[in-house]
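Contents: one structure, followed by commentary.
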There are 2 protein chains.
Amino acid sequence: MADSQVKALIFDVFGTVVDWRSSIIKHGKNFGRIHGLEADWDAFADAWRGKYGPFMNKVRTGELPWTNLDALHRMALEEVLDEFKITGISDEAKAEFNLAWHDLKPWPDSVPGLYRLKARHIIAPMSNGNIALMTNMAKNGGLPWDCILGAEVAKHYKPDPESYLTAVQLLGLEPHQVMMVAAHQGDLLSASKVGLNMAFVPRPLERGPGRTPDPTPDPSFNYVATDFVDLALQLNG
Amino acid sequence: MADSQVKALIFDVFGTVVDWRSSIIKHGKNFGRIHGLEADWDAFADAWRGKYGPFMNKVRTGELPWTNLDALHRMALEEVLDEFKITGISDEAKAEFNLAWHDLKPWPDSVPGLYRLKARHIIAPMSNGNIALMTNMAKNGGLPWDCILGAEVAKHYKPDPESYLTAVQLLGLEPHQVMMVAAHQGDLLSASKVGLNMAFVPRPLERGPGRTPDPTPDPSFNYVATDFVDLALQLNG
């Protein structure tokens, strides 16, 4: 096991720390009310999030230069509005709606769990979200991060190895002193390839009821926990 | 005045938030006890800090490639030990002593003041200290930063304009929405040259008793406060 050598825990955020889907649905409904629009906001949220991977791939392949996630979300929003045949929205209103991603609700255990984990470890987001997004989300949701790491400081999106290794280097640590915490098995396995420890915290409701992802934990995970409070209990003994 | 447009406060740290001198003297005395050494630790602290500017200049002029402050402190320590004729110290013990800079005591008003300022603003260090140093210092001293910015993410030391502008850009803000808080007038004026607001919080004891720096505030400062609690009162009304 990883145990006492682990000095820092770095977290996937969208899905692992916060419930992006119900939050974006809520912001969509609010956007609809303000602009007098009818739409299937559940489908809208899924469509917006669905463009996340493809847009990051444009950066990864060099089709786009380095572009932070706020700007990618904004480009994706144009396409989703188009697909949902929503027109006549000002640039200012679109920019405002794009900030929905700065205001995502933590899972019920996230804040109390992070406080417990913070007592003995450095805790930081290791997200593809940019620093402004993560900082505002932390203030809106009360997430007590010690510092904000992530793709933007590396100018590489996860799961590129540079993304994880930059975080390790900025913490002044070695990979075996850092543990990645995520609800997504691929994220953990990518971090492990460059030497980090892995804690799996499944979030069965991330994609909505009845869409449980990642059912069986990979046997190589150092920890499997039901939530962040459970992880703190397992780590702190 | 700056007022309600200011969304984020970014802080000089060494001297402004923490009392580096008395902390390094304390760590020096402890180092002396462990290794059975006699030295003038007040003078040792001043000599170590005195190498800060010259070593950063080596990076600024290209004599050294980008090197973070932990590594510059470590190189400076070699020179100071040499000057104080202290020999026979292992590399491990030197590396341990170098971490003194991660454990500097906040001024008495710093933590309560930062909590008050944090209620209405993003607060972040804008220091020449690297992210690991700032993160560990925050944990050791209870500094409730929202995120950690600074020279390392820009790969430019203050007062280079890139250092301030990178912080503004990573916050997703415009320069006029950010205020630099510092006990050093030159730091504030450099930030102002690229459009940031300025709050001056003098720390008359930074260099020890009887060595009061920066006595008269520049008339261009947006705020002059006696300490961080006073700054919060002036900003929050």
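Express the relative contact order of chain A as a whole percentage, based on alpha carbon pairs under 8 Å and six or more residues apart in sequence.
Relative contact order here is 26 percent.
Which of these, B:R33, B:R116, B:R203, has the largest mean-square fluctuation under a Gaussian network model of chain B (Cα springs below 10 Å)?
Among B:R33, B:R116, B:R203, the largest mean-square fluctuation in the Gaussian network model of chain B belongs to B:R33.
What is the distance, in nm, between label points placed 7 Å from the Cα along the Cα-to-Cβ direction at A:E162 and at B:N57?
Spacing of the two 7 Å Cα→Cβ label points: 3.4 nm.
Helix A:41-50 against the longest principal axis of chain A: what's the angle in degrees, Cα atoms only, rounded to the nearest 10?
Taking Cα atoms only, the helix is inclined about 60 degrees.
A:V224 label points, 7 Å along Cα→Cβ, one per copy: pairwise distances from this copy to the rest in nm, shortest first?
Label point to label point, same position, other copies: 6.5 nm.
Suppose we keep just the DSSP beta bridges with both residues in chain B; what percent of those would be antiparallel, to 5?
Within chain B, antiparallel bridges account for around 10 percent of the total.
Angle, helix A:69-83 long axis vs. longest principal axis of chain A, Cα atoms, 0 to 90°, nearest 10?
Value to nearest ten degrees: 40.
With a Förster radius of 30 Å, plug the Cβ-Cβ distance of B:D91 and A:K118 into 1/(1 + (r/R0)^6) and report the FRET value to the nearest 0.05.
0.45
Residue farthest toward the positive end of the dipole of the protein assembly as shown, with Cβ of Lys/Arg at +1 and Asp/Glu at -1: which of B:N236, B:I122, B:P54?
Most positive-ward Cα: B:N236.
Return the whole-Å distance between the Cα centroid of segment A:89-134 and the Cα centroid of segment A:17-75.
14
On C-alpha positions alone, give me the angle between the axis of helix A:20-35 and the longest principal axis of chain A, in degrees, nearest 10.
With both axes taken from Cα atoms, the answer is about 20 degrees.
Over segment B:46-100, what is the relative contact order in whole percent, taking alpha-carbon pairs under 8 Å and six or more residues apart?
36
For the protein assembly as shown, what proportion of DSSP beta bridges, expressed in % and rounded to the nearest 5, is antiparallel?
Percentage antiparallel, nearest 5: 10.
Given R₀ = 45 Å, what would the calculated FRET efficiency be for A:E38 paired with B:T226, taking r from the Cβ atoms and rounding to 0.05?
That gives a FRET efficiency of 0.20.
Per-residue ellipticity at 222 nm for chain A, helices alone: DSSP H runs ≥ 4 residues times -39500 (n - 2.57), over residue total, nearest 500 deg cm²/dmol?
Result for chain A: -13500 deg cm²/dmol, rounded to the nearest 500.
B:G88 label points, 7 Å along Cα→Cβ, one per copy: pairwise distances from this copy to the rest in nm, shortest first?
B:G88 label point versus its equivalents elsewhere: 8.6 nm.
Straight-line reach from A:K51: which lysines fall under 22 Å, measuring Cα to Cα and dropping same-chain residues less than 8 apart?
Those lysines meeting the cut-off are A:K26, A:K29, A:K85, A:K94, A:K105, A:K155, A:K158.
Over all directions, what mean area does the Cα convex hull of the protein assembly as shown project, stated in square nanometres?
24.7
At A:L205, label 7 Å along Cα→Cβ: distances to the other copies, nm, ascending?
Those separations, rounded to one decimal, come out as 5.1 nm.
Taken together, the values in this text are just the output of simple stated rules run on the coordinates, not laboratory data. These figures come from a predicted structure and were not determined experimentally. Every residue, glycine as well, gets a Cβ built from its backbone with ideal geometry; the counts of neighbours run over all protein chains shown.
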